[in-house]
1. Counting only residues that are within 29 Å of GLU462 (Cα to Cα) and out of contact with any Leu (no Cβ under 9 Å at 6 or more places or on another chain), give me the strands (runs of 3 or more DSSP E) lying completely in the stretch 275-330 with at least 2 of them.
2. Does the stretch 224-239 contain any residue that is within 18 Å of ALA99 (Cβ to Cβ), in contact with a His (Cβ under 7 Å, 6 or more places away or on another chain) and within 16 Å of the ligand (Cβ to nearest atom)?
3. Suppose we keep only residues that are among the charged types (D, E, K, R) and free of Cβ contacts under 8 Å to residues at least 40 places away in the same chain within the stretch 403-431. Which one would you say is surrounded by the fewest Cβ atoms within 10 Å (Cβ to Cβ)?
4. Quickly run through the stretch 34-52 and pick out the residues that are part of a loop (DSSP other than H, G, I, E, B) and either surrounded by 20 or more Cβ atoms within 10 Å (Cβ to Cβ) or at negative phi (or both).
5. Out of everything in the stretch 366-405 that is within 26 Å of GLY345 (Cα to Cα) and acidic (Asp, Glu), what residue ends up being farthest from the chain's Cα centre (by Cα)?
6. Looking at the stretch 142-173, which of the residues that are of a type in the set (Phe, Trp, Tyr) and in contact (Cβ under 8 Å) with a residue 60 or more places away in the chain is farthest from the ligand (Cβ to nearest atom)?
7. Restricting to the stretch 189-205, give me the number of residues that are more than 15 Å from the ligand (Cβ to nearest atom), under 21 Å from PHE111 (Cα atoms) and surrounded by 19 or more Cβ atoms within 10 Å (Cβ to Cβ).
8. So GLY331 ticks every box in (1) at negative phi; (2) within 23 Å of the chain's Cα centre (by Cα) but one. Which box is left unticked?
Amino acid sequence: MKAASIVLVLFLCWMPIMAQTQNPFIRSIYTADPSAHVWADGRLYVYPSHDIDPPRGCDLMDKYHVFSTDDMVHWTDHGEILGAADVDWGRPEGGFMWAPDCAYKNGTYYFYFPHPTGSGDQWNSTWKIGVATSSQPAANFKVQGYIEGLKSMIDPCVFVDDDGQAYLYYGGGGQCEGGKLKDNMMEIDGGMKPMQGLQDFHEGTWVHKYNGKYYLSYADNNPSGGNQLRYAVSNSPLGPWTYKGVYIKPTGSPTNHGSIIEYKGQSYAFYHNSILSGNPWLRSICVDPLFYNEDGTIQLIRQTRAHGTPYPEHASPIPGTIEAEDYDLGGQGKAYSDSEVANNGNAYRKDEGVDVEMNSPGNYNVGWTNGGEWMEYTVNVAENSTYTIKTVAASPNNNSSVRYKLDGNDITGSVMIPNTGGWQNYRTIPTKGISLDAGTHILQLFEETGGFNIDKITIEKEAVITSVFETHITHQVYPNPASTEVTIESPEQDPFILRTAIFDMRGRVIEILDNRTNKDRILLDVSRFNPGCYLLKIYSENTVQVRKLIITRN
Ligand code: FUB
């Protein structure tokens, strides 16, 4: 073997597997709440819950399937492993088979699932954590009963430490508890205790270990765009925990529920979204690589998925005007997400889900909008500059809003659509001071609410550069350096802060911070940002200021 070939072979052996199927990676049925495990046969198994189509919220969820892979590309559906009909102590009407987990000990696989005993509306006060066992990871599970002495809470997670000790975690209603499991994996050893130090816990606990530290990750209560996944770290499997931050932003699904594992030298984060169906309760499981920083903190997950291609065939030039109905080609989950299968309006691209109507001869608008829906447009930005995005929309309602994302990053925060006095009374709503990089990008129009029509989006280069870089500074920013919070105060002559945004030193957006209440003094939570040097942009009525912001941690 030549030296170059040896180097290549060594490199390929060392290189973690990064190829993966495009998200969502299960498309045959709707799945949520993925709990991933790598078992001794070397395969990666995912134990999700199963959303039943048509849904009734989460009520009808049933018939768990298991999926496995050995290359992150090809997934085997092992079929249904357990359903509500197999649970003799369960709710007579069935359904309510929510987020499960699986653990392995001494030749047996233990499948843990939340399910209520109560009939009718008694489901939420009668949750049990059921246990089924099998000698195989993905077949022949038999229900053994449920774990005695627990509260009516959901989302079991079982973590088995390196010494073989197993721990059970579960939660709900803002509480998260953990405790030791006895060797039989079906009884609690010594009681459960609250997990301390978590911030904004909602549900979906997951515990894993990395570099000798314990990580507890969970879904929060974030209402705008859906729950986020957060995490905390401890030296002990039962805490106390030190809160670290958000590692998955909203996926567009109202809920989220994740797991973190390492497979063949690469860490992965599993989660769910709703982009295949456009329906909040028909969810689909996804996976993306997860990276740790040197200090053990987790980098924000880049949620990947397939995108569409330009309609009709060229990217829309920016500056320029994009007709709302000319969203990309590629269909549901790639180019748009629409919550109803029917094409209301039935006037344009009739075999697709986006609802387009003709409002005058030859002029169309997107209508029948719903919160959570989106459309994407491939755009070609002519030059690095600051632009104004003009949304041409009409609404007979108060409090409608959209948000724009570029390549998945929020670039505007909430854009309020006022009551324009009618479905066809269009008004132009400008959003100023948006930095765009030259090149081809995917622009997403995300509907935070429904209740409006949209005709077009015009993006104009701003003629006057309003940025003030470290000169004529009128707003006070303190403390700076900061570690947890930064206060921004406006001067009297420019009282309203419209929006703030944090960029890295190369000018890439890290986060748009929503200040839609137009206050003159705001408090920014910067505890979730890694230490370093950032650019803070403050958009007020009269200026856009750029300030250097240093984040430190002791
Ligand atoms: O899937 C049903 C419930 O929704 C799960 O138990 C929660 O974690 C949330 O994802």
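The values are calculated or read from the model by the stated rules, or taken from the named source; none is laboratory data. In this text the structure is predicted, and so the values were computed from the model without any measurement. Heads up, the Cβs are rebuilt from the backbone with ideal geometry, glycines too, and the neighbour counts pull from every protein chain shown.
1. Because the criterion is at least 2 residues that are within 29 Å of GLU462 (Cα to Cα) and out of contact with any Leu (no Cβ under 9 Å at 6 or more places or on another chain), the strands (runs of 3 or more DSSP E) in the stretch 275-330 that meet it are 320-323.
2. Yes, some residue in the stretch 224-239 is within 18 Å of ALA99 (Cβ to Cβ), in contact with a His (Cβ under 7 Å, 6 or more places away or on another chain) and within 16 Å of the ligand (Cβ to nearest atom).
3. Applying the filter and picking the extreme gives ARG427.
4. Within the stretch 34-52, TRP39, ALA40, ASP41, ARG43, ILE52 qualify.
5. Step by step, filter the stretch 366-405, then rank; the result is GLU376.
6. Once the filter is applied, the top-ranked residue is TYR167.
7. Total meeting the criteria: 1.
8. (1)
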